[in-house]
1. Looking at region B:270-311 only, could you name the residues that are away from chain A (no Cβ under 13 Å) and among the polar types (S, T, N, Q)?
2. Looking at A:Asp63, A:Asp89, which one is more than 15 Å from A:Lys116 (Cβ to Cβ), within 14 Å of ligand 3 (Cβ to nearest atom) and under 12 Å from the mean Cα position of the chain (by Cα)?
3. Return a yes/no flag: does region A:125-147 have any residue that is in contact with a Cys (Cβ under 6 Å, 6 or more places away or on another chain) and either open to solvent by less than 10 Å² (accessible area, probe 1.4 Å) or without any contact (Cβ under 8 Å) to a residue 12 or more places away in the chain (or both).
4. Within region A:85-103, can one find any residue that is modelled with pLDDT of 95 or more, small (Gly, Ala, Ser) and open to solvent by 10 Å² or more (accessible area, probe 1.4 Å)?
5. Hey, can you tell me all the residues within region A:49-97 that are facing another protein chain (nearest Cβ under 7 Å) and more than 13 Å from ligand 1 (Cβ to nearest atom)?
6. In the list B:Asp254, B:Asp271, which residue meets the criterion of being loosely packed, with under 14 Cβ neighbours inside 10 Å, in a loop (DSSP other than H, G, I, E, B) and acidic (Asp, Glu)?
7. Inspect all residues belonging to region B:214-233 and state whether any of them is out of contact with any Phe, Trp or Tyr (no Cβ under 8 Å at 6 or more places or on another chain), at pLDDT 85 or above and surrounded by fewer than 18 Cβ atoms within 10 Å (Cβ to Cβ).
Amino acid sequence: MAKTYDFLFKLLLIGDSGVGKTCILVRFSEDAFNSTFISTIGIDFKIRTVDIEGKKIKLQIWDTAGQERFRTITTAYYRGAMGIMLVYDVTNEKSFDNIRNWIRNIEENAAADVEKMILGNKCDLEESRVVSRERGQLLAEEHQVKFMETSAKSGQNVETAFLNLAKDIKNKMDRRNPGDDMGTSQSNVHVTAGDSSGSGGGCAC
Amino acid sequence: MAHLPDDDLPSSFDIVIVGTGLIQSIVAAAAARAGKTVLHLDNNSYYGGCWATLMYNDLQRWIEVHSKEVTDEDESTVVTQLNEDEVSVKCNLSLSDKVTNLIEINHSEEEEEEDKGENKTDEEALVESVPINEEPTSNDAPDMPINNEPIESKVKVTWNNLGNQKKRFNFDLIPKLLYCRGEMVDIIVQSGVSRYLEFKSLPKLYCSNANHEIIQVPCSRADVFTSSIVSMLEKRKLMKVLTFCAEYEKHETDYQEYIGHPFTEFLQSRDLTDNIIQFILHSIAMVDESETTLNGLKATQMFLHSLGRFGNAPFLYPLFGNGELPQGFCRLCAVFGGVYCLKRSIRELIVSSDNKQLIGVVCTTGQRIQCSSFVGPAGMLSSGSVSSQRISRAIFITDGQIDGMDEKISLLTIPPASDDSPASRVSVLQLDSSTLTSTEGTNMIHATCKSFGSSAKEDLEFIVQRFFSTCTTPSDNKPRLLWSLYYNLSLSSCSHSTETDSSRDVKSDLPPNVLMVSDPDDTISYEACIHEAKKVFECLYPDEPFLPRMPDSEDIIYGEEETASSDQLAGETEEETSANQKNDEEDQHNDEKDQEFDEKVEDTSTKQNPEQNDSI
Ligand SMILES: Cc1cc2nc3c(=O)[nH]c(=O)nc-3n(C[C@H](O)[C@H](O)[C@H](O)COP(=O)(O)OP(=O)(O)OC[C@H]3O[C@@H](n4cnc5c(N)ncnc54)[C@H](O)[C@@H]3O)c2cc1C
Ligand SMILES: Nc1nc2c(ncn2[C@@H]2O[C@H](COP(=O)(O)OP(=O)(O)O)[C@@H](O)[C@H]2O)c(=O)[nH]1
Ligand SMILES: [Mg+2]
């Protein structure tokens, strides 16, 4: 039986509206940037399979569907997430300040051991930057998570960031006692054969 | 709580929907799916209204809000600027009278008080029985091991020492289950909402007999013949009537004359003992004595057909609780462009004085929004014919399973008793930590019934005496009760008739483009809710398909098709195909992708065939 992947990781994008989450997702999954992107119809999630340390890892990356706009992310969004990209916009001070709020939001709703990473996006807009790289770095250190500046427009660091997050999740899994399950149990019923079948499940073998 | 400043909402939508209850959320998703621009608001800070599942902190806030005296001081004096040809209809924002008789009891406090021999609280005084304390260690601080036994076995779980773990409880305000072959399962599969959800199946159901004994409800042929619920003689009769119900449509002449009559009358005509009639009525069909024959047959058939789809169980329970369902439909709506805003509602409808059509709404923030339709909860507008009924609810947290309900996730139905409590059927849903609604080592037990006494506590307290160990009535083989919550809910329902009918139509005194929807009903299932959501959608958009199948399994792309990584895409499509086939009952399909179903589903999909009716 031909397996197309060894592991399935569910990842989320979180951050204020307009910081470039959807663009980052499109850049990573399709290597494209459409600056006239008008999100009348959103993206549910995107899939990309990557190779890490000889293993095929299927990344299922969920977008907020615009529900962050009026502070209305559903608690259901966080279910089964194994990694979260926290995104702010280096040209928008408030989006940076709100990272703390988003971290609190994650603590309330996501699994305690979810891997996190902070991204300062739009780093191509050097002339209108208001948040320095150092401040981003400090914030990340304070929360003990990795940090990277990205540009969905130029593609800078987008791929590296996702690969890093995926690698951290994989390392965490490898460290774990194989007997431990990654959260949800095998006896859960999925009423579709779609991709949700792997959420939180870890190894799909 | 301080109001956070907000961006203004867009000023025009096709439809504004208030309340994120399940029916509104399904309608919202269907409207967005049909290409309508949707604004979906909710006055609460959480999704779901009374369909919600609340985390502990939200539940505490909910308790606080609903324990307050209802004060309608919110009579806003704000005047909305209207044009000459417009009139405004005020909306009722305070729906807090829906919840009454709220009582929360932390039994660890009770235990401590009992242990100290102090006076009982008012609540305690209701329970008249001499406190007997047979557990000497409970006098001491629970975290101090007294002898050499390991700490874990010594520390008694109490609500107080659960500490931070309490945050991980998820409380259904109204617990429900999905029939495995019910319309809800079909709709979530077809719409794609199923990718946001996971379920547990309920492999065993129980009922209790006149002697208060818990007995397993037979869910297969073999079960019927080994069941202790019926005598040997009754078994054949039971089999016969169930087989009949499973395909009742084929024998129309056999039930024709009972169509308008109660289901009980039909059952009596089949030469069944009272024992079996009660059993079918309350544990299989789960309908009231007064239910019509046709509805009774339908309910029985739904139960029987649901067996064997996902395990030999008729029901599914959503992980994290039922509140995941409205959130799933809201997400689907958002993916199709729906705009969401919580902690906000509307205070007025603006109606044209010429043609009595709704032309817009005014938000609680004062913002005016143009729209061509409006959907809101029953009771929001004083007009509209709405009926209401009261249910009694109890939620118990215990340190173990109910004795006799050895299946961790299971449903017990307690039929009404003529002399004893309860006076109406009580559903007891037992959930363990694998449903992610309770924590390791505890159970969440929901009890629900139509109200018959003066309060939820009066109606449902018999469950405590019957099944739990408390400090006033300790028992070794019963789980200890840690915490309980009682409340009554008053649930509104409105009838929807299509177009012309004016006498009983809720729309009658409302603008035709304003629709009200019901609260949850008192049944355990979602069937009525789906039915109403479809009906409302049909009234709004008669020519649009209702939640058609998702165009693509991976995502909804506004632009061009993906060409890169075609392997995966092929994989995805295949998976979706097998999902469709599953839905079309071609479960036997032995595609490699089926391997990705978790074992349980796979097991039964092969077991289930070749005969659909194998289970009964
Ligand atoms: C997750 C989160 C939780 C917050 N919780 C609180 C709080 O409890 N009390 C408080 O005073 N302030 C809170 N804030 C901050 C607050 O929302 C505003 O940032 C602040 O009040 C300034 O308001 P504003 O009108 O300038 O911006 P706003 O328009 O209020 O917010 C700007 C952006 O922040 C995001 N956002 C803000 N709040 C939330 C939220 N709760 N959930 C999801 N997205 C949000 C949205 O994407 C929005 O577009 C929170 C912020 C976030 C991100
Ligand atoms: N210059 C620049 N603009 C970006 C970048 N990423 C996103 N944008 C723009 O920021 C806006 C919001 O992006 P979007 O992905 O919709 O943000 P979201 O709300 O977080 O999903 C769009 O106009 C994008 O074109 C980036 O890296 N550089
Ligand atoms: Mg976006």
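1. Selection gives B:Thr273, B:Asn275, B:Gln278, B:Ser283, B:Ser290, B:Thr292, B:Thr293, B:Asn295, B:Thr300, B:Gln301.
2. A:Asp63
3. Kept after step one, since they are in contact with a Cys (Cβ under 6 Å, 6 or more places away or on another chain), are these residues of region A:125-147: none.
Within region A:125-147, none of the residues are in contact with a Cys (Cβ under 6 Å, 6 or more places away or on another chain) and either open to solvent by less than 10 Å² (accessible area, probe 1.4 Å) or without any contact (Cβ under 8 Å) to a residue 12 or more places away in the chain (or both).
4. No, every residue in region A:85-103 fails to be modelled with pLDDT of 95 or more, small (Gly, Ala, Ser) and open to solvent by 10 Å² or more (accessible area, probe 1.4 Å).
5. Result: A:Thr49, A:Ala76, A:Arg79.
6. Working: B:Asp254 fails: in a loop (DSSP other than H, G, I, E, B).
Only one candidate passes the filter, namely B:Asp271.
7. Scanning region B:214-233 turns up no residue that is out of contact with any Phe, Trp or Tyr (no Cβ under 8 Å at 6 or more places or on another chain), at pLDDT 85 or above and surrounded by fewer than 18 Cβ atoms within 10 Å (Cβ to Cβ).
Table: residues versus (1) at pLDDT below 90; (2) at the interface with chain A (Cβ under 10 Å from one of its Cβ atoms); (3) open to solvent by 10 Å² or more (accessible area, probe 1.4 Å).
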residue	(1), (2), (3)
B:Cys330	no, yes, no
B:Leu349	no, no, no
B:Leu358	no, no, no
B:Cys363	no, no, no
B:Met380	yes, no, no
B:Asp399	no, no, yes
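The values are calculated or read from the model by the stated rules, or taken from the named source; none is laboratory data. Model, not experiment: these values are computed from the prediction. Ideal geometry is used to build each Cβ from the backbone, glycine not excepted, and the neighbour counts take in all protein chains shown. Areas reflect the complete protein model, heavy atoms only, side chains present, ligands, DNA and RNA absent. Shrake-Rupley method; radii C 1.70, N 1.55, O 1.52, S 1.80 Å.
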